[in-house]
Amino acid sequence: MTTLPPATTELSADEARRIALRAQGLLGAQDRRGGVRGVLRHLGAVQLDTISVLARSHELIPYARLGAVGRKTVEDAYWTPAPPGASPSRPHAFEYWSHAACVLPIEEWPHFAFRRRAYRARPQWYHELADGSYDAVIKQLRTEGPLTATELGGAKNGGPWWDWSEAKVAVERALMYGEVVCTGRRSWKRVYDLAERAVPDELLHDDLDDRECLRRLVRLAGKSLGVGTRADIADYHRLKGEQVDAVIADSGLVPVTVGGWGKPAWADPEALATTPRGRHRTTLLSPFDSLIWERARTERIFGFTHRLEAYVPKPKRVYGYFAMPLLSGGKLLGRVDPAREGTTLVAKQVSLDTPKAVLPMAQALREAAEWVGCSDVRVERVDAPGLRAPLAEALARV
């Protein structure tokens, strides 16, 4: 690590927690004013995932901040360009590799040039690419317009998950290189188009050098986190620690100390300028929510151990397949593993840290049920048996 300048501000752990909540749009009303697109711009990245329980993760993330916004509204906000003749007519977002596969604001296209260059220079790939297949995909997109992998000739060869077809390998390689872009989905399938056609002209360039790209992404990460350690900031867009070190001094972030963290931290100066105030959301969080996607940070800020168990063998799961943490009053108070059966939201396993979490869990379950079109909530298991009856009573009231 580089030598750090002295910290200019000392924060308590509670102050840092509130700053982080506001930065993530879960305290106050900043994101609510901007709608789904405001959430995307504010967070800088919304993670995608194939798992759909209540809804897919990229829907759950704006829901957690805005409440019961229509699911079609969410999709349209990400993907629908402005109407013809409107100014400007452009896509609002694109998919690329950030923290993971993410929806990103279209304005950030130039700042991922460093990653596109790294992919182009990569000497070895998991999939081999047959001669001519890359050029064939580019030619087909140029001739026929935006297409899914299926329309390009099929996505898979019929084997395991990663047994991709030549067309799928080629178009994904082109996406990593930046010659192809995904600015929409159709029935959860990526719709690929030529970047030269889909990305606005003023953004379609790789002119920024690596340092400028990294400086921008470090600044964005700090702004989206509010306050974070070197590891927190690096993890947000999956940068290397040394990449953060190289640019953080001129990123605009300021060094701070946070009580109990035990590590140097950096903060967005705008986050330090005012005291975080406003209404806290009571909501269920996707396991892929950027508030909690980094486990060490979640434990440090909330004293809450979070782990996605979808890929853990069922007998070894502690909290359930897709356990969603409960956020209320700016704290994580428990979690629930949900499912849907027709018009019933099923709380397969409810884990509550304290009796004070009963009413917030009932409120969060009822709101989530209504959002996904369920009229009933059924609780199957409560880890603390003494809280089962109070939870049932609370659900009947809310």
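The values are calculated or read from the model by the stated rules, or taken from the named source; none is laboratory data. Values in this document were obtained by computation on a predicted structure and should not be read as measured data. Every residue, glycine as well, gets a Cβ built from its backbone with ideal geometry; the counts of neighbours run over all protein chains shown. SASA here: full protein model, heavy atoms, side chains in, ligands and nucleic acids out. Shrake-Rupley method; radii C 1.70, N 1.55, O 1.52, S 1.80 Å.
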Count the lysine pairs in the chain that are 8 or more places apart or on different chains: how many have C-alpha atoms under 17 angstrom apart? 8
Using a 7 Å offset from the Cα along the Cα-to-Cβ direction at both Glu75 and Arg186, what is the distance between the two label points in nm, to one decimal? 1.3
Which value, in Å², gives the accessible area per residue of the chain when a 1.4 Å probe is used on the protein heavy atoms? 44
Explain nothing, just compute: Karplus ³J(HN,Hα) = 6.51 cos²θ - 1.76 cosθ + 1.60, θ = phi - 60°, for every residue of the stretch 297-312 in order, whole Hz, x for Gly and Pro. 5, 4, 5, 5, 7, 10, x, 10, 8, 10, 8, 6, 9, 4, 9, 9
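Quick check for me: using +1 on Lys/Arg Cβ and -1 on Asp/Glu Cβ, what's the dipole size of the chain about its Cα centre, in debye to the nearest 20?
Working: 56 positive and 49 negative charges, 240 e Å.
Dipole about the Cα centre, nearest 20: 1160 debye.
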Across 10 Å bins from the origin, how do the percents of Cα pairs in the chain run, short distances first? 5, 21, 29, 26, 15, 4, 0
Roughly how many percent of the accessible protein surface of the chain is carbon and sulfur, given a 1.4 Å probe and a whole-percent answer? 51
5 Å is the cut-off here: which amide hydrogens, built 1.01 Å from N in the peptide plane, fall below it relative to Arg381, excluding neighbours closer than 5 in sequence? Gln349, Val350
Relative packing of 39-48, 174-183, which averages over residues the other C-beta atoms within 10 Å, highest first: 39-48, 174-183
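Order these peptides, 100-106, 239-245, by their mean beta-carbon neighbour count within 10 angstrom, highest first. Can you show the working numbers first?
On the way: 100-106: 19.1, 239-245: 17.0.
Final packing ranking: 100-106, 239-245.
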Highest GNM mean-square fluctuation, the chain, Cα pairs closer than 10 Å: which of Pro385, Pro146, Pro91? Pro385
Considering only Ser290, Pro276, Ser351, whose Cα is most displaced toward the positive end of the charge dipole of the chain, charges sitting on Cβ of Lys, Arg (+1) and Asp, Glu (-1)? Ser351
For Gly184, enumerate residues with amide H under 5 Å from its amide H, sequence gap 5+ or separate chain, H modeled in the peptide plane. Val191
